[in-house]
Amino acid sequence: FLKAACVAAVALVPGVAFAACDEGEVVIKFSHVTNTDKHPKGIAASLLEQRVNDEMNGKACMEVFPNSTLYNDDKVLEAMLQGDVQLAAPSLSKFEKFTKQFRIFDLPFMFKDITAVEAFQASDAGQAMLDSMQKRGLQGLGYWHNGMKQMSANKPLLVPTDANGLKFRVQSSDVLVAQMEAMGASPQKMAFSEVYGGLQQGVVDGQENTWSNIYGKKFFEVQDGTTETDHGILDYLLVTNIDWLNGLDADVRDQFLTIVHEVTETRNKESTAVNQAAKESVIAAGGVVRELTAEQRQAWVDAMKPVWAKFEGDVGTDNIEAAQKINM
Ligand code: LMR
């Protein structure tokens, strides 16, 4: 037991190799914040870990640290720049300190579904965004999908005015702050790892997230119910330290990037199904799910869409137009 405890402790010290690593292998630590099963990111990260450890044995080794056990999303990018972690997949909402381009993904009702998001990301504009933080030391390796966001609170939410005066947790994004303010709510930025406690203790009254996060972190247990608003998207950037990537031997880098792209493609195709299953699990566990009539949904659109104008300068009118064309 002592030995096992010792290995576990060593594994958490940045810079020290862990169980899957042999002498001389490139060490790849992947820190993220969600659970691992029934979750698009958790499943993709585990698959990546498995494939790197199987196929690159002798050259590289990977360990995934899920559930904010190593860093939360507010810290992970700094840790990456310091070389303490090599991979992360924060949501696109969490890059504000590095670029404002990703704000397009947070604008409410910008994309009608994840297929539209995928098409925009595959466009020249979307692909160029992967390289938009190179000067800041970060390289995007690909977009990982989660899904559409839903809205939950400690009281029923059917029209936006139901949110008046409520405190909502948001990710660290000024677009999401503006979105909640447009509903007459008061937004509070909070790390993902704090949300369950924040809802349970009434620090905040509600939150927005995907089914896989609402199920994975049991938010539904401490909320009156969840309303299927599909009002925005939550997607990730798989990101690395550009100097680390450039420092790899070419064959190691090529093999690693090939595995990354294959895992991205395989798992992105399944993200909607994973969220659907999580929604069913919420219902099976007794969580209340509310659907909107077309009229009610239009009221959410009318309340939130004015937020676009505020951020048009950051995201570009041409990008907004391109996104809207994809939706048609
Ligand atoms: C959140 O903070 O709500 C999400 O970005 C967490 C995640 O990684 O899905």
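Name the residues of segment 104-143 whose amide N is less than 12 Å from a point 7 angstrom out from the Cα of residue 320 along the C-beta direction? 104, 107-108, 110, by backbone N distance to the label point. Our note on the geometry: Cα centres of segment 242-321 and segment 162-195, 19 Å apart.
Relative intensity of the chain on a log10 scale, I(q)/I(0) at q = 0.09, 0.14, 0.15 Å⁻¹, equals -0.47, -1.11, -1.26, per a Debye sum over C-alpha point scatterers of equal strength in the absence of solvent.
For segment 169-250, the solvent-accessible area with a 1.4 angstrom probe is 30 square angstrom per residue.
Per DSSP helix of 4 or more residues, -39500 (n - 2.57); summed, then divided by the residues of the chain. What does that give at 222 nm, rounded to the nearest 500?
On the way: 15 runs with 142 residues, N = 328.
For the chain, the value works out to -12500 deg cm²/dmol.
Rounded to the nearest whole Hz, the Karplus-based 3J(HN,Hα) values (6.51 cos²θ - 1.76 cosθ + 1.60, θ = phi - 60°) of segment 77-89 follow the sequence 6, 5, 4, 5, 5, 8, x, 7, 8, 9, 9, 8, 9, with x at glycine and proline. Kindly express, to the nearest 10 degrees and within the range 0 to 90, the angle between helix 250-268's C-alpha long axis and the longest C-alpha principal axis of the chain. Tilt of helix 250-268: around 30 degrees.
Averaged over its residues, segment 35-116 has an accessible area of 36 Å² per residue, based on protein heavy atoms and a 1.4 Å probe. Split the accessible area of the chain by element, probe 1.4 Å, and carbon with sulfur accounts for 51%.
Around the amide H of residue 147, modelled in the peptide plane, lie the amide H atoms of 234, all under 5 Å away and 5 or more residues distant in sequence or on another chain. Applying the Karplus relation 6.51 cos²θ - 1.76 cosθ + 1.60 with θ = phi - 60° to segment 57-66 yields 3J(HN,Hα) values of 3, x, 10, 8, 9, 10, 10, 9, 10, x Hz, where x marks Gly and Pro. Over 21 Å apart at the Cα level, from the set 94/279; 100/217; 41/217; 97/218, are 94/279; 100/217; 97/218.
What order do you get for 134-146, 288-300 when each peptide is scored by the mean count of other beta carbon atoms within 10 Å, highest first? Please report the intermediate quantities before stating the final value.
Details: 134-146: 19.4, 288-300: 14.5.
Answer by packing, highest mean first, reads 134-146, 288-300.
Computed from the Cβ-Cβ distance with R0 of 41 Å, the FRET efficiency linking residue 196 to residue 254 stands at 0.50.
Placing a pseudo-label 7 Å from each Cα along the Cα-to-Cβ vector at residue 38 and residue 161 gives an inter-label distance of 3.7 nm.
For a quick check of your reading of the filter: which chymotrypsin sites (Phe, Trp or Tyr not before Pro) in segment 26-102 sit in a DSSP loop and have no more than 13 other Cβ atoms within 10 Å?
Numbers: sites: 30, 71, 95, 98, 102; in loops: 71, 95, 98, 102.
Here no loop site has a sparse enough neighbourhood.
The values are calculated or read from the model by the stated rules, or taken from the named source; none is laboratory data. Keep in mind it's a predicted model, so treat the numbers as computed, not measured. Glycine gets a Cβ as well: all are built from the backbone with ideal geometry, and neighbour counts include every protein chain shown. Side chains are part of the model used for accessible areas, which takes the heavy atoms of the whole protein and leaves out ligands, DNA and RNA. Shrake-Rupley method; radii C 1.70, N 1.55, O 1.52, S 1.80 Å.
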